[in-house]
Amino acid sequence: MNKHFVRLILAASGFLAACVSASAHPHVWVTMQGELVYASDGSITGVRYNWTFDDMFSAFAVQGLDAKKPGEFSREELGPLAKENVNSLKDFGYFTFAKANGKKVELKEPIDYYLDYNIKDTVLTLHFTVPFKTPLKTKELNLEIYDPEYFVDFSFKDVKEPITLAGAPAACKLTVAKPQELSVQPGQQLGEAFFNQLSAGDNWGAQFANKVSVKCP
Amino acid sequence: MKIVAGGRTTDNFAKFALAVVAILLLATLLDAALLAHALAQGSPFGGPRPGTAPVPTSGIVGWLFAKQAEFYRQFSGLIRASKADGTAAWSLMGVSFLYGIFHAAGPGHGKAVISSYLVANEETWMRGVVLSFLSALMQALVAITVVGVAAVLLHASAGTMNLAVNWIETLSYALIILVGLRLLWVKGRAFIAAARDLGRPTGALGAAVTPAEAVHDHHDHAHDHDHDHAHCDHDHHAHAATPGHDAHDGHDHGHSHHDHDHDDASAWGHAHAPEPEELAGPGGWGRGLSAIVAVGLRPCSGAILVLVFALAQGLFWVGAASTFVMGLGTFITVATIATIAVSARSWASRMASSRSGYGILAMRGIEAGAALVIIGFGALLLGGYMVNERMVGF
């Protein structure tokens, strides 16, 4: 009987430890579009994003904000919120992990940022540009967009070209890897097989990374 | 301190050691992911950021994870639908309940603190369940109060609510440390006393047994009484008095406790856990209250987001009901874990009672260790808050 109890306790400990690790689930969903911004000399200067938040988080973010028309928020009224957002995002590296020829690309503080509010869908969209510290002329640029803690779920907007190249040399080739099958969409059921395919590691959120790659000859 | 391990008991000793390790593992692992929370940064967009832990390791875990996300994603649609359709509100309650069960398996929700508290205080199963229920209820009430007062009455912004939640968090973590310190003060001294007693010859102890106590006729028991910390041994005593009795039987515990309370004018008496029968009494609630408040103060991020969204939809009451139902689900998970902790502890103390001296010392060690675990969590959480405050947006 004692032996059984030991087993029970050990099994329970293991199960609970496992449960603890199962805890992470996103609380914020972002649907994004973006473009890589090129200078006239063919170097990449940064990334321009449009991030649309889910309705629950949007409601939280605009809670208590004053608007002339209730339920409608102008770009001006959302100005302070946009500033706070980009300031906070700095601590997370804008969830953008950029590598040029295998080397990490440093990012600067965002410019041209603003929020707008879609009254019909009651969602906020954050527009901002993250400049690279130094404009890059590179044969290969890889971008990954994700939250390592997976508090925020990122997915590309369901359009033909969620990421575009703005002013890139004609020879450059863009590939975009949607982790759509890795994102938990509204109402979507995920089978066990899906999770078995995920590898365990410290960087859990990286498995939900959206990948962008540009290759220029 | 001398530890004499007879050859006869080697097998028991191995089992006992296993139990000790298992209990400590249990207490620490339950909320190990809280560390992740402690180290986690603030929210990128200023939303409440819960503790997040990486790495699901198996299909079952992945399934739990998927369920949480699945339920969570249904909230906004169901709240919207509740406006026009009453049945959607019922679906929302169902989803809230399931979400509470699954989500509470994750970090937070005070599982480590509650379990450690139960282990350190040799609490009964009944009290474990009641504590779990009250802390879950309080968590729901705090979330509703924060959003109700800040958003509904004061028309506060998300930033103000974040600030309020941060203050509540800090208070909660400080309270957890205090609860742990108080326990350590009591249990640490009991541990030291037990260690000191080990060195004394056992023969002399029997002489100190008074007739009233001798009814129980248990060696450890007498031994402890002699040294004025008998309250710590009620468990062994109860089990020794009713061999083979189920460890969960709170009633039995209670009775033996009562006997002790009457004839044991122990200096440690104040630290004694109240009996189930005492729970409803005026003094009984006060003791567990510190743990309930410490654990229940911190509201769940998901609940706050649901409440604010419901408010924006003009359905605050639906959000409030959903939060309560979530709390019910949380209660079920936490109570399950509390049950395991209490069972493990009872079993270990049964093992300990068969090994006088060392067994008692080990039990005192487990109790003091559990108190340390509580302090550790509180300290880490409090430290994490410092980081949080710096990072919070809005």
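All of the numbers you see were taken from the coordinates with simple rules; none came from a lab. A quick note: this is a predicted structure, and the numbers were derived from the prediction, not measured. Neighbour counts are summed over all protein chains in view; Cβ atoms, including those assigned to glycine, are modelled from backbone coordinates with ideal geometry.
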Scalar couplings 3J(HN,Hα) for segment B:344-354 by Karplus 6.51 cos²θ - 1.76 cosθ + 1.60 (θ = phi - 60°), nearest whole Hz, x for Gly and Pro, are 4, 5, 4, 5, 5, 6, 5, 4, 5, 5, 7
Expected vector for segment B:294-300, Karplus 3J(HN,Hα) from phi with 6.51, -1.76, 1.60 and θ = phi - 60°, integer Hz, x for Gly and Pro, equals 4, 7, x, 5, 7, x, 8
Summing +1 per Lys or Arg and -1 per Asp or Glu among the other residues with Cβ less than 14 Å from A:A82's Cβ gives -3
Per-residue Cβ contact counts at 10 Å, fewest first, order B:W185, B:W347 as B:W185, B:W347
Expressed in angstrom and rounded, the centroid-to-centroid distance over alpha carbons for segment A:88-113 and segment B:332-374 is 49 Å
Fewest to most Cβ atoms within 10 Å: B:T336, A:T164 sort as A:T164, B:T336
The Cα radius of gyration of segment B:75-206, divided by 2.2 N^0.38 Å with N its residue count, comes to 1.58
Using alpha carbon centers only, segment B:68-123 is separated from segment B:138-179 by a whole-angstrom value of 18 Å
Cβ-Cβ cut-off under 9 Å around A:D153, Lys and Arg +1, Asp and Glu -1: the net charge is -2
Treating only Lys and Arg (+1) and Asp and Glu (-1) as charged, each at its beta carbon, one finds that segment A:74-179 has a dipole about its Cα centre, in Debye to the nearest 20, of 680 debye
Long-range amide H partners of A:D54, meaning residues 5 or more apart or on another chain whose placed amide H is closer than 5 Å, are A:W29
Under the 7 Å Cα-to-Cβ spin-label approximation, A:D66 and A:D41 lie apart by a distance in nanometres of 4.8 nm
Footprinting proxy, B:K111, A:K99, A:K133: sorted fewest to most Cβ within 10 Å, the residues are A:K133, A:K99, B:K111
